[in-house]
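> Sharing a structure with you now.
The values are calculated or read from the model by the stated rules, or taken from the named source; none is laboratory data. This structure is a prediction, so every number in the text was calculated from the model and none was measured. Counting neighbours? That spans all protein chains shown, and the Cβs are built from the backbone with ideal geometry, glycine included. Heavy atoms of the whole protein, side chains included, go into the accessibility calculation; ligands, DNA and RNA do not. Shrake-Rupley method; radii C 1.70, N 1.55, O 1.52, S 1.80 Å.
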Amino acid sequence: MAGLHSTSSEAPRRPDESMDLLNTVFKQALDPSYGDETKPRPDGRVKLRSGKSVVILILCGLLLGLALGNTQRGASNAALEREQLIGHIKAAEQKQDELHERVRTLTKENAALEASAAGLSPADQARLAELSMSTGMVAVTGPALRITVDDGADASVKGSRVVDVDLRYAVNGLRLAGAEAIAINGHRLSPRTAIRGAGDAITVDYRSLSRPYTILAIGDRRHLESGFQASAGGRWWKTLQENYGLHLEIADAGTVTLPADPGLSVSKAKPLKK
Amino acid sequence: MIALLGLLIGIIVGLIWQPALPAVLQPYLPIAIVAALDALFGGFRAYLNRVFDDKVFVVSFASNVLIAGLIVWVGDMIGVGSQLSTAVVVVLGIRIFTNAAAIRRALFHA
């Protein structure tokens, strides 16, 4: 770099003088200590076989091999951690399912005990039965409609994935049409069930769902179908189908049994003391 | 050739033996490798142009690795480690590409 400024005092300033850094990097890419590459020497190749060069080459190879091995091991460690995390999540979900089953069993036992304890009048009993069906406290069975929704086939089209808003529209449309019990992918909906989006996945009752989404609605099938199509939810889905290519299929599901919602509880409502 | 053999032996030994580098030096390994590659390419270009000198090769390798590591270390001390590391990689990368182009011209006359 010593000779850089000596030229500028003798010759007129070059227009690209301020770009000296880049010029230097390009022109001096071959270390100047090697000498001018246009003046080859007779012994300018033999020395590659000397001990010094070979030692340096082996050292270089060692560095490269070391880094390669480190990176490979790092990648496999990350994959291992991911596997372990997935294992943890699966175990936790399984535990949650078991606890849900236990809650359902205990709720049934409670209902049986209540009925046999004769604490309620027959009118109250009937009201309780009716309410527990519509709120999702007990499992119900009846003729059902199955609505299957799925993402559009072309994933690159913006808006072609089903999001939580779409599911909410569908569920609300069914409720308006008179559905008495609704479940999405086997999860029973209660008045307090949240249908939300978390990242890329839709969660119903805080459980992640994967596509395709199957909505089962128990009620009068003909009224359900026509009422759904006429509702805002039906119109929303018609737009989605026509403009974004999402799939919606309505089919007769026969008689189905929908399980109770194990997470049913109240936080603010208090019983009215008569 | 004995030089290429030496390089290959080094890589294989490094992969299998995995010499334990002190943990302090581990973060500087990638930049040391880029610096070493620069010295390697420079040496190969000099060899093809028949101006190779093994003393210059050794000195350029050692000084490249040391200076690159030193710059990144100082950068870490003052808090601009990643930016200085980027600068070092950019300059070394430009030199590597320039030397590689010259090597390509010398080898294939194209």
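> Residue check: is residue A:178 open to solvent by 20 Å² or more (accessible area, probe 1.4 Å), touching an Asp or Glu at 6+ places or on another chain (Cβ under 8 Å), on the phi > 0 side of the Ramachandran plot and in contact (Cβ under 8 Å) with a residue 12 or more places away in the chain? Steps first, please.
Values: open to solvent by 20 Å² or more (accessible area, probe 1.4 Å): yes; touching an Asp or Glu at 6+ places or on another chain (Cβ under 8 Å): yes; on the phi > 0 side of the Ramachandran plot: yes; in contact (Cβ under 8 Å) with a residue 12 or more places away in the chain: yes.
The answer is yes for residue A:178.
> Would you pick out the residues in the stretch A:215-240 that are open to solvent by less than 70 Å² (accessible area, probe 1.4 Å) and within 26 Å of the chain's Cα centre (by Cα)?
Selection gives A:215, A:216, A:217, A:233, A:234, A:237, A:239, A:240.
> Residue A:204: within 16 Å of residue A:172 (Cβ to Cβ) and modelled with pLDDT under 90, yes or no? So that I can check it myself, show each step before the final result.
Details: within 16 Å of residue A:172 (Cβ to Cβ): yes; modelled with pLDDT under 90: yes.
Criteria met by residue A:204.
> Here is a follow-up. Tally time: how many residues in the stretch B:36-46 are buried (at least 22 other Cβ atoms within 10 Å of the Cβ), without any contact (Cβ under 8 Å) to a residue 60 or more places away in the chain and either basic (Lys, Arg) or more than 7 Å from chain A (Cβ to nearest Cβ) (or both)?
Total satisfying the criteria: 2.
> Where residues in the stretch A:77-112 are under 15 Å from residue A:262 (Cα atoms) and among the hydrophobic types (A, V, I, L, M, F, W, C), which of them is modelled with the highest pLDDT?
Step one: of the stretch A:77-112, the residues under 15 Å from residue A:262 (Cα atoms) are A:93-111.
Filter again for among the hydrophobic types (A, V, I, L, M, F, W, C), leaving A:99, A:103, A:106, A:111.
Values: A:99: 92, A:103: 89, A:106: 89, A:111: 78.
So the residue we want is A:99.
> Yes or no: residue A:269 under 30 Å from residue A:109 (Cα atoms) and outside any loop (DSSP other than H, G, I, E, B)?
On the way: under 30 Å from residue A:109 (Cα atoms): yes; outside any loop (DSSP other than H, G, I, E, B): no.
No: the conditions fail for residue A:269.
> Also: Give me a count of the residues in the stretch A:152-172 that are touching a strand residue (DSSP E or B) at 6+ places or on another chain (Cβ under 9 Å) and in contact (Cβ under 8 Å) with a residue 40 or more places away in the chain.
Here is the first cut: in the stretch A:152-172, the residues touching a strand residue (DSSP E or B) at 6+ places or on another chain (Cβ under 9 Å) are A:152-153, A:162-168, A:170-171.
Narrowing further to those that are in contact (Cβ under 8 Å) with a residue 40 or more places away in the chain: A:152-153, A:162, A:166-167, A:170-171.
Residues that pass the stated criteria total 7.
> Related question: For the structure I just gave you, tell me whether residue A:250 is closer than 25 Å to residue A:99 by Cβ and in contact with a helix residue (DSSP H, G or I) (Cβ under 8 Å, 6 or more places away or on another chain).
On the way: closer than 25 Å to residue A:99 by Cβ: no; in contact with a helix residue (DSSP H, G or I) (Cβ under 8 Å, 6 or more places away or on another chain): yes.
When the stated conditions are applied, residue A:250 does not pass them.
> Take the stretch A:140-159 and flag every residue that is surrounded by fewer than 17 Cβ atoms within 10 Å (Cβ to Cβ), small (Gly, Ala, Ser) and either touching a helix residue (DSSP H, G or I) at 6+ places or on another chain (Cβ under 9 Å) or assigned to a helix (DSSP H, G or I) (or both). Spell out the reasoning first.
Filtering the stretch A:140-159 for residues surrounded by fewer than 17 Cβ atoms within 10 Å (Cβ to Cβ) gives A:141-143, A:146, A:148, A:150, A:153-159.
The next check asks that each one be small (Gly, Ala, Ser); those that pass are A:142, A:153, A:155-156, A:159.
Matches in the stretch A:140-159: A:159 only.
> How many residues are open to solvent by 60 Å² or more (accessible area, probe 1.4 Å) and away from chain A (no Cβ under 14 Å) when one looks only at the stretch B:80-95?
Adding up the residues that qualify gives 3.
> Give the number of residues within the stretch A:12-35 that are assigned to a loop (DSSP other than H, G, I, E, B) and open to solvent by less than 80 Å² (accessible area, probe 1.4 Å).
First pass over the stretch A:12-35, keeping only residues assigned to a loop (DSSP other than H, G, I, E, B): A:12-16, A:28-31, A:35.
Checking the rest, the ones that are also open to solvent by less than 80 Å² (accessible area, probe 1.4 Å) come to A:16, A:28-31, A:35.
Here the count works out to 6.
> Tell me yes or no: at least one residue of the stretch B:47-69 is within 14 Å of another protein chain (Cβ to nearest Cβ), assigned to a helix (DSSP H, G or I), under 17 Å from residue A:45 (Cβ atoms) and aromatic (Phe, Trp, Tyr).
Taking every residue of the stretch B:47-69 in turn, at least one turns out to be within 14 Å of another protein chain (Cβ to nearest Cβ), assigned to a helix (DSSP H, G or I), under 17 Å from residue A:45 (Cβ atoms) and aromatic (Phe, Trp, Tyr).
> Using the structure shown, decide if residue A:49 is surrounded by 12 or more Cβ atoms within 10 Å (Cβ to Cβ), within 7 Å of another protein chain (Cβ to nearest Cβ) and out of contact with any helix residue (DSSP H, G or I) (no Cβ under 8 Å at 6 or more places or on another chain).
Numbers: surrounded by 12 or more Cβ atoms within 10 Å (Cβ to Cβ): yes; within 7 Å of another protein chain (Cβ to nearest Cβ): yes; out of contact with any helix residue (DSSP H, G or I) (no Cβ under 8 Å at 6 or more places or on another chain): no.
Answer is no for this residue.
> Mind listing whichever residues of the stretch A:188-206 are closer than 27 Å to residue A:221 by Cβ and open to solvent by 50 Å² or more (accessible area, probe 1.4 Å)? Steps first, please.
Within the stretch A:188-206, the subset closer than 27 Å to residue A:221 by Cβ is A:188-193, A:195, A:202, A:204-205.
Answer for the stretch A:188-206, where residues must be closer than 27 Å to residue A:221 by Cβ and open to solvent by 50 Å² or more (accessible area, probe 1.4 Å): A:191, A:192.
> Among the residues of the stretch A:228-255, count how many are within 15 Å of residue A:181 (Cα to Cα) and either in a helix (DSSP H, G or I) or among the β-branched types (Val, Ile, Thr) (or both).
Going through the stretch A:228-255 one residue at a time, the tally reaches 2.
> Restricting to the stretch A:52-66, and then to whatever is open to solvent by 20 Å² or more (accessible area, probe 1.4 Å) and facing chain B (nearest Cβ under 7 Å), can you tell me which residue is modelled with the lowest pLDDT? Give the derivation first.
Residues of the stretch A:52-66 that are open to solvent by 20 Å² or more (accessible area, probe 1.4 Å), as a first pass: A:52, A:54-55, A:58-59, A:62-64.
In the following step, the residues that additionally are facing chain B (nearest Cβ under 7 Å) were identified as A:52, A:54, A:58-59, A:62-64.
Numbers: A:52: 81, A:54: 86, A:58: 89, A:59: 89, A:62: 89, A:63: 89, A:64: 89.
If we take residues in the stretch A:52-66 being open to solvent by 20 Å² or more (accessible area, probe 1.4 Å) and facing chain B (nearest Cβ under 7 Å), then A:52 is modelled with the lowest pLDDT.
> Are any of the residues in the stretch B:55-72 aromatic (Phe, Trp, Tyr) and open to solvent by 30 Å² or more (accessible area, probe 1.4 Å)?
Restricting attention to the stretch B:55-72, the residues satisfying the condition of being aromatic (Phe, Trp, Tyr) are B:57, B:61.
Then drop every residue that is not open to solvent by 30 Å² or more (accessible area, probe 1.4 Å), which leaves none.
Within the stretch B:55-72, not a single residue is aromatic (Phe, Trp, Tyr) and open to solvent by 30 Å² or more (accessible area, probe 1.4 Å).
> Could we say that residue B:22 is more than 7 Å from every other protein chain (Cβ to nearest Cβ) and either of a type in the set (D, E, K, R) or out of contact with any strand residue (DSSP E or B) (no Cβ under 8 Å at 6 or more places or on another chain) (or both) here? Before the answer, list the steps.
Details: more than 7 Å from every other protein chain (Cβ to nearest Cβ): yes; either of a type in the set (D, E, K, R) or out of contact with any strand residue (DSSP E or B) (no Cβ under 8 Å at 6 or more places or on another chain) (or both): yes.
Against the criterion (more than 7 Å from every other protein chain (Cβ to nearest Cβ) and either of a type in the set (D, E, K, R) or out of contact with any strand residue (DSSP E or B) (no Cβ under 8 Å at 6 or more places or on another chain) (or both)), residue B:22 qualifies.
> Let me ask you something else. Which of the residues belonging to the stretch B:1-29 are open to solvent by less than 80 Å² (accessible area, probe 1.4 Å), part of a helix (DSSP H, G or I) and within 18 Å of residue A:66 (Cβ to Cβ)? Walk me through how you get there before you give the answer.
Within the stretch B:1-29, the subset open to solvent by less than 80 Å² (accessible area, probe 1.4 Å) is B:3, B:6-7, B:10-11, B:13-15, B:18-19, B:21-22, B:26, B:28-29.
Among the residues that remain, those that are also part of a helix (DSSP H, G or I) are: B:3, B:6-7, B:10-11, B:13-15, B:26, B:28-29.
Passing the criteria: B:6, B:7, B:10, B:11, B:13, B:14, B:15, B:26, B:28, B:29.
> Note down all Cβ pairs under 8 Å where the first residue falls in the stretch A:233-245 and is of a type in the set (Ser, Thr, Tyr), the second is not in a helix (DSSP H, G or I), and they're at least six residues apart or on different chains.
Taking only residues 6 or more apart or on different chains, the pairs are A:244/A:152; A:244/A:157; A:244/A:159; A:244/A:160.
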